1. Select, from 147, 169, 160, the only residue that is at pLDDT 95 or above, within 12 Å of ligand 1 (Cβ to nearest atom), among the aliphatic types (A, V, I, L, M) and more than 28 Å from residue 42 (Cα to Cα).
2. Please find, within segment 189-214, the residue that is farthest from residue 231 (Cα to Cα) out of those that are within 10 Å of ligand 2 (Cβ to nearest atom) and among the β-branched types (Val, Ile, Thr).
3. Quick check on segment 14-34. Is at least one of its residues of a type outside the set (Asp, Glu), within 16 Å of residue 146 (Cα to Cα) and modelled with pLDDT of 80 or more?
4. May I ask you to verify whether residue 89 is at pLDDT 95 or above and among the hydrophobic types (A, V, I, L, M, F, W, C)?
5. Are any residues in segment 112-133 touching a residue at least 24 places away in the same chain (Cβ under 8 Å) and not in a helix (DSSP H, G or I), and if so, which ones?
6. Return yes or no: is residue 126 among the small types (Gly, Ala, Ser) and either on the phi > 0 side of the Ramachandran plot or surrounded by fewer than 16 Cβ atoms within 10 Å (Cβ to Cβ) (or both)?
7. Would you check which residues across segment 197-211 are under 20 Å from residue 127 (Cα atoms) and within 16 Å of ligand 1 (Cβ to nearest atom) and list them?
Amino acid sequence: MRTDIEALDWNVGNIYQSKDNEGRKTVDEVFDQATLRHIQQLFSRRIISTIENIIATGKEANVFRAKTFDGRNRAVKIYRLNTATFRKLEKYIEGDSRFRNSGNNPRERVFTWAQKEYKNLHSMIAGGVMAPKPFHVYKNIVVMQYLGWRYRPYPTLRELPPQEPKKFLKLLLDSIKSYRKMKLSHGDLSEYNILNVREKPYIIDVGQAVPKEHPLYGELHKRDMENMYKYWKRKIKNLNDRWFI
Ligand SMILES: Nc1ncnc2c1ncn2[C@@H]1O[C@H](COP(=O)(O)OP(=O)(O)O)[C@@H](O)[C@H]1O
Ligand SMILES: [Mg+2]
């Protein structure tokens, strides 16, 4: 198996040769020179062996499915190294004492952001939240548990509402309670950032989550709970609003 830059070219080449137009566009957009070097490092450190397909393209990040050398799937979230990403993230990093001395240039701030997502996932898992397990973080790349079947990620709550909303919500509230116990606010909790994993809620996209001492801690959680209440009100009759505090 090739683990050098050739392997990367080969993987990217696969995407180029496929009918995946979206994929081709993304390869051009996401893989700036620095990011190519960072992916290369993941190959040489034997963290992943191939990048298989693109799962999602977003404004700040792209998510890929990758394989480990022993054939397991991984989700690889690659943050874009541009100032737009940096600007969006800034207010969440500032005020987070975990990242006080975290570099000043925009690129290093994006690296800090990846670290922050990794750490947040770690705390959440430690607290018993259903979320993807984090495996590695390197520069602007987070490698985590892949939640999907073969090449297809499990749908978001937006794409596939649960068959038994009450049961699903109960599990979700347990997860929320668990990260509150770890003194975190998610900050972007919505039907887009919860995956429906065979009728179980998995919370994703935790880069912006902040700890208790952060000035936005209260406000972000309040907004999350308001959004969740609005969403679940449409799914469940006689919804108890005290569940959303
Ligand atoms: N661990 C994962 N396993 C499978 N799919 C994932 C995973 N993490 C993210 N995704 C997919 O990628 C999409 C974007 O991920 P997300 O973390 O929400 O990034 P963004 O910041 O772009 O919203 C998700 O909607 C989901 O479809
Ligand atoms: Mg998202």
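1. Values: 147 fails: more than 28 Å from residue 42 (Cα to Cα); 169 fails: within 12 Å of ligand 1 (Cβ to nearest atom).
Testing whether each residue is at pLDDT 95 or above, within 12 Å of ligand 1 (Cβ to nearest atom), among the aliphatic types (A, V, I, L, M) and more than 28 Å from residue 42 (Cα to Cα) leaves just 160.
2. So the residue we want is 206.
3. The initial filter retains those residues of segment 14-34 that are of a type outside the set (Asp, Glu), namely 14-19, 21, 23-27, 30-31, 33-34.
If we keep only those that are within 16 Å of residue 146 (Cα to Cα) as well, we get none.
There is no residue in segment 14-34 that is of a type outside the set (Asp, Glu), within 16 Å of residue 146 (Cα to Cα) and modelled with pLDDT of 80 or more.
4. Values: at pLDDT 95 or above: no; among the hydrophobic types (A, V, I, L, M, F, W, C): yes.
Considered against the rule, which asks whether it is at pLDDT 95 or above and among the hydrophobic types (A, V, I, L, M, F, W, C), residue 89 comes out as no.
5. In the first step, residues of segment 112-133 are kept if they are touching a residue at least 24 places away in the same chain (Cβ under 8 Å); the result is 113-114, 116-118, 120-121, 123-124, 126-132.
Answer for segment 112-133, where residues must be touching a residue at least 24 places away in the same chain (Cβ under 8 Å) and not in a helix (DSSP H, G or I): 127, 128, 129, 130, 131, 132.
6. Numbers: among the small types (Gly, Ala, Ser): yes; either on the phi > 0 side of the Ramachandran plot or surrounded by fewer than 16 Cβ atoms within 10 Å (Cβ to Cβ) (or both): yes.
Judged against the criteria, residue 126 is a match.
7. We begin by selecting, within segment 197-211, every residue under 20 Å from residue 127 (Cα atoms); these are 197, 200-211.
Those that are under 20 Å from residue 127 (Cα atoms) and within 16 Å of ligand 1 (Cβ to nearest atom): 197, 200, 201, 202, 203, 204, 205, 206, 207, 208, 209, 210.
The values are calculated or read from the model by the stated rules, or taken from the named source; none is laboratory data. In this text, all values refer to a predicted model and were calculated from it rather than measured experimentally. FYI the Cβ positions are ideal-geometry reconstructions off the backbone, even for glycines, and counts take in every protein chain you see.
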